[in-house]
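Chemist: Here it is: the structure, laid out below.
The values are calculated or read from the model by the stated rules, or taken from the named source; none is laboratory data. Worth saying up front: this structure is predicted, and the values here are computed from it rather than measured. For neighbour counting, all protein chains shown are included, and Cβ atoms are generated from backbone atoms with ideal geometry for every residue, glycine included.
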Amino acid sequence: QKEVEQDPGPLSVPEGAIVSLNCTYSNSAFQYFMWYRQYSRKGPELLMYTYSSGNKEDGRFTAQVDKSSKYISLFIRDSQPSDSATYLCAFFSGGYNKLIFGAGTRLAVHP
Amino acid sequence: DGGITQSPKYLFRKEGQNVTLSCEQNLNHDAMYWYRQDPGQGLRLIYYSQIVNDFQKGDIAEGYSVSREKKESFPLTVTSAQKNPTAFYLCASMGQGYEQYFGPGTRLTVT
């Protein structure tokens, strides 16, 4: 079993839709949870960061963590064509000293 | 203006030549990382360094070398021993909360 599972997509939605992106993980030692957005041919940028179970909201983005189910989600409300990118989940535990990344989900929002 | 810079943006080399990719940060971060990304693929860790004059191999270190003589700089050399060097290379540094910040990347093409 992989340490992190993330559906690669592609996920295609119409503008204005609510998007749900998900990752599951197997390592209960993961303490910090992140979402990155990567536009084509660019470096990933940190979108959301959380370290506890529950929801964290930032504008149109909500990050949700369920530690008991080992499941994290990123919700995008009122999606825009500019949200078209690859979204990567990432996890940190002190035992690794590095981030463990999901493979990324490619999202396309069409007008 | 804090951040991570990578140069050059595009690099072309002949097979059999070594090439060095530059990565500089002014975020005062101790830890720095090098990743490789192939088309449609996730991030694969090449090398990382948690402190000056120390570095560790990542998951795909063969054919690569690094140095960390200064806190701000973490150059990566792609040697002629690397079988498939053509890829997108990303450098990152790690902040206090274990989040990583990425540079814009260098696209290396070897023919």
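Chemist: Using beta carbons and a limit of 8 Å, which pairs, at least six apart or on different chains, have the first residue in region A:86-111 and in contact (Cβ under 8 Å) with a residue 60 or more places away in the chain and among the polar types (S, T, N, Q) and the second one crowded, with 21+ Cβ neighbours inside 10 Å and not in a strand (DSSP E or B)?
Modeler: A:93/A:30
Chemist: When you check residue B:106 against the structure, is it within 11 Å of chain A (Cβ to nearest Cβ) and modelled with pLDDT of 95 or more, yes or no?
Modeler: Values: within 11 Å of chain A (Cβ to nearest Cβ): yes; modelled with pLDDT of 95 or more: yes.
Spelling it out, residue B:106 is indeed within 11 Å of chain A (Cβ to nearest Cβ) and modelled with pLDDT of 95 or more.
Chemist: Given the criteria under 28 Å from residue A:33 (Cα atoms) and buried (at least 19 other Cβ atoms within 10 Å of the Cβ), does residue B:74 qualify? Steps first, please.
Modeler: Numbers: under 28 Å from residue A:33 (Cα atoms): yes; buried (at least 19 other Cβ atoms within 10 Å of the Cβ): yes.
It is true that residue B:74 is under 28 Å from residue A:33 (Cα atoms) and buried (at least 19 other Cβ atoms within 10 Å of the Cβ).
Chemist: Pairs only if they're at least six apart or on different chains, beta carbon under 7 angstrom, first in region B:89-104 and more than 24 Å from residue B:38 (Cβ to Cβ) and buried (at least 22 other Cβ atoms within 10 Å of the Cβ), second modelled with pLDDT of 95 or more and among the β-branched types (Val, Ile, Thr); list them, first residue then second.
Modeler: Nothing qualifies.
Chemist: If a residue counts only when it is over 11 Å from the mean Cα position of the chain (by Cα) and within 17 Å of residue A:110 (Cα to Cα), which strands (runs of 3 or more DSSP E) contained entirely in region A:1-92 have at least 3 such residues? Before the answer, list the steps.
Modeler: Details: elements: A:4-6, A:11-14, A:19-25, A:32-38, A:45-50, A:54-58, A:61-66, A:71-76, A:85-92.
Counting at least 3 such residues, we get A:11-14.
Chemist: Where in region B:53-98 are there strands (runs of 3 or more DSSP E), lying fully within it, with 3 or more residues that are within 11 Å of chain A (Cβ to nearest Cβ) and either closer than 17 Å to residue B:31 by Cβ or touching a Gly at 6+ places or on another chain (Cβ under 6 Å) (or both)? Give the derivation first.
Modeler: Working: elements: B:54-57, B:64-66, B:76-78, B:87-94.
Correct list: B:87-94.
Chemist: Please go through region B:10-29 and give me each residue that is modelled with pLDDT of 95 or more and among the acidic types (Asp, Glu), ordered by number.
Modeler: Correct list: B:24 only.
Chemist: Could I ask something else about it? Of the numbered conditions (1) part of a loop (DSSP other than H, G, I, E, B); (2) buried (at least 16 other Cβ atoms within 10 Å of the Cβ), residue B:15 fails exactly one; give the number of that condition.
Modeler: Result: residue B:15 passes all but (2).
Chemist: Somewhere in region B:44-51, is a residue within 12 Å of another protein chain (Cβ to nearest Cβ) and closer than 22 Å to residue A:85 by Cβ? Quick ask: steps written out before the conclusion?
Modeler: Here is the first cut: in region B:44-51, the residues within 12 Å of another protein chain (Cβ to nearest Cβ) are B:44-51.
In the following step, the residues that additionally are closer than 22 Å to residue A:85 by Cβ were identified as B:44-45.
Within region B:44-51, one or more residues are within 12 Å of another protein chain (Cβ to nearest Cβ) and closer than 22 Å to residue A:85 by Cβ.
Chemist: Please verify whether region A:84-96 includes one or more residues that are more than 14 Å from every other protein chain (Cβ to nearest Cβ) and at pLDDT below 95. Break it down into steps so the answer makes sense when it comes.
Modeler: Start the filter on region A:84-96 by keeping residues that are more than 14 Å from every other protein chain (Cβ to nearest Cβ), which leaves A:84.
Subset that is at pLDDT below 95: none.
Checking region A:84-96: not a single residue is more than 14 Å from every other protein chain (Cβ to nearest Cβ) and at pLDDT below 95.
Chemist: How many residues does region B:18-39 hold that are within 14 Å of chain A (Cβ to nearest Cβ), outside any strand (DSSP E or B) and in contact with a Gly (Cβ under 9 Å, 6 or more places away or on another chain)?
Modeler: Counting residues in region B:18-39 that are within 14 Å of chain A (Cβ to nearest Cβ), outside any strand (DSSP E or B) and in contact with a Gly (Cβ under 9 Å, 6 or more places away or on another chain) gives 2.
Chemist: Out of everything in region B:40-52 that is of a type outside the set (Lys, Arg) and not in a loop (DSSP other than H, G, I, E, B), what residue ends up being surrounded by the fewest Cβ atoms within 10 Å (Cβ to Cβ)?
Modeler: Going residue by residue through region B:40-52, those that are of a type outside the set (Lys, Arg) are B:40-43, B:45-52.
Restricting the remaining residues to those that are not in a loop (DSSP other than H, G, I, E, B) gives B:43, B:45-51.
On the way: B:43: 27, B:45: 20, B:46: 26, B:47: 22, B:48: 24, B:49: 20, B:50: 15, B:51: 11.
Result: B:51.
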